[in-house]
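The values are calculated or read from the model by the stated rules, or taken from the named source; none is laboratory data. This is a predicted model, so every value here is computed, not measured. Please note: Cβ atoms are built from the backbone with ideal geometry, for glycine as well, and neighbour counts cover all protein chains shown.
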Amino acid sequence: MTRGSRYPVRALGAVLTLAAAGCGAPDEGTESGELLNPESEAFQGASPETYRVLFETSEGDFTVEVVRAWAPNGADRFYHLVRNGYYEGVRFFRVIEGFMAQFGIHGEPAVNSAWRDRTIVDDRVTQSNSRGTLTYAMRGPDTRTTQLFINFADNTQLDGMGFAPIGRVVEGMDVVDRLHAGYGEGAPRGRGPDQGRMHSEGNAYLERSFPELDFVQRASIVQPGG
């Protein structure tokens with residue numbers, strides 16, 4: 001299957017219905033105490049105007065630069081989730097060639113439950129969903145929580161649907177390109193993971209049924225920014 005062909009139209013609806021349904025889960029080896037309390041001070045306040053996040057993954061490392069002016073609500077949420085270890089152990093569970101790589105459902109069901117309804121208000125779309133941009137998944141207005149995706153192609157059709165990029169991969173896009181895409185679309189449209197089971201069973205379900213999924217080993221702020 002070549003990049004950029006048939007997937008976008010079919011996958012757009014899936015982004016809407018799947019993305020915001022997900023939440024996160026702390027990783028294997030990270031204390032989940034703070035993550036079980038989204039209302040704590042650890043998740044409050046504005047992020048730096050720019051910051052970089054280093055993703056150390058099972059496939060290699062890549063770095064994302066987030067620009068708060070692009071989408072302040074999304075940038076703030078992402079900053080605090082990263083600082084509190086939310087994405088460690090999280091799988092890239094929906095990787096569709098030519099479209100995007102989606103992640104953000106946590107490996108612990110209790111954490112998913114805590115974040116499921118912790119939505120943030122939409123940001124205005126100021127940047128296009130071009131190749132390498134990082135954008136929240138959602139299922140409709142004001143439904144963003146913890147799931148994001150990285151665009152493999154110039155998915156400009158997402159711009160008019162309210163998908164507001166918060167940043168861009170600035171190093172290691174070749175690593176993103178290599179993330180395991182063999183499972184394709186998620187259930188019930190495809191043979192990939194079922195998000196409902198991911199929320200209720202966590203990484204145990206993925207390790208058992210989808211062992212080839214790539215995952216985040218560690219995500220960290222490497223440049224606090226201005």
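For region 114-152, taking the residues that are closer than 23 Å to Ala46 by Cβ and among the basic types (Lys, Arg), the one that is nearest to the chain's Cα centre (by Cα) is identified as Arg144. Identification of helices (runs of 4 or more DSSP H) wholly contained in region 126-226 with 1 or more residues that are touching a Ser or Thr at 6+ places or on another chain (Cβ under 8 Å) yields 173-177, 195-201. Looking only at region 178-203, residues that are closer than 24 Å to Ser113 by Cα and either hydrophobic (A, V, I, L, M, F, W, C) or modelled with pLDDT of 90 or more (or both) come to 14 in all.
Taken over region 90-108, the criterion of being closer than 20 Å to Arg178 by Cα, small (Gly, Ala, Ser) and either in contact with a strand residue (DSSP E or B) (Cβ under 6 Å, 6 or more places away or on another chain) or crowded, with 24+ Cβ neighbours inside 10 Å (or both) is satisfied by Ala101, Gly104.
With respect to Phe163, is the statement that it is buried (at least 19 other Cβ atoms within 10 Å of the Cβ), among the hydrophobic types (A, V, I, L, M, F, W, C) and farther than 20 Å from Pro72 by Cβ true? Criteria not met by Phe163. A Cβ distance below 8 Å, combined with a sequence gap of six or more or placement on separate chains, defines the contacts here; from region 104-132, residues that are within 19 Å of Gly162 (Cα to Cα) reach residues that are in a loop (DSSP other than H, G, I, E, B) and charged (D, E, K, R) in the pairs Thr119/Asp142; Ile120/Asp142; Val121/Asp142; Asp122/Asp142; Ser128/Asp154; Asn129/Asp154; Ser130/Asp154; Arg131/Asp154. Evaluating Glu207 against the criteria (1) under 30 Å from Arg68 (Cα atoms); (2) among the charged types (D, E, K, R); (3) surrounded by 14 or more Cβ atoms within 10 Å (Cβ to Cβ) leaves one unmet condition, (1).
For every residue, the table says whether it meets (1) surrounded by 15 or more Cβ atoms within 10 Å (Cβ to Cβ); (2) of a type in the set (Asp, Glu); (3) out of contact with any helix residue (DSSP H, G or I) (no Cβ under 9 Å at 6 or more places or on another chain).
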position	(1), (2), (3)
Ala110	no, no, no
Val125	yes, no, no
Asn129	yes, no, no
Gly167	yes, no, no
His180	yes, no, yes
Asp194	yes, yes, no
Met198	yes, no, no
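Scanning region 52-69 for residues that are part of a helix (DSSP H, G or I) and crowded, with 21+ Cβ neighbours inside 10 Å yields one hit, Arg68.
Just one of the listed residues (Glu49, Glu41, Glu28) is at pLDDT 95 or above and of a type in the set (D, E, K, R), namely Glu49.
Scan region 97-113 for residues that are polar (S, T, N, Q) and in contact with a Lys or Arg (Cβ under 8 Å, 6 or more places away or on another chain) and jot them down. Of everything in region 97-113, just one residue is polar (S, T, N, Q) and in contact with a Lys or Arg (Cβ under 8 Å, 6 or more places away or on another chain), namely Gln102.
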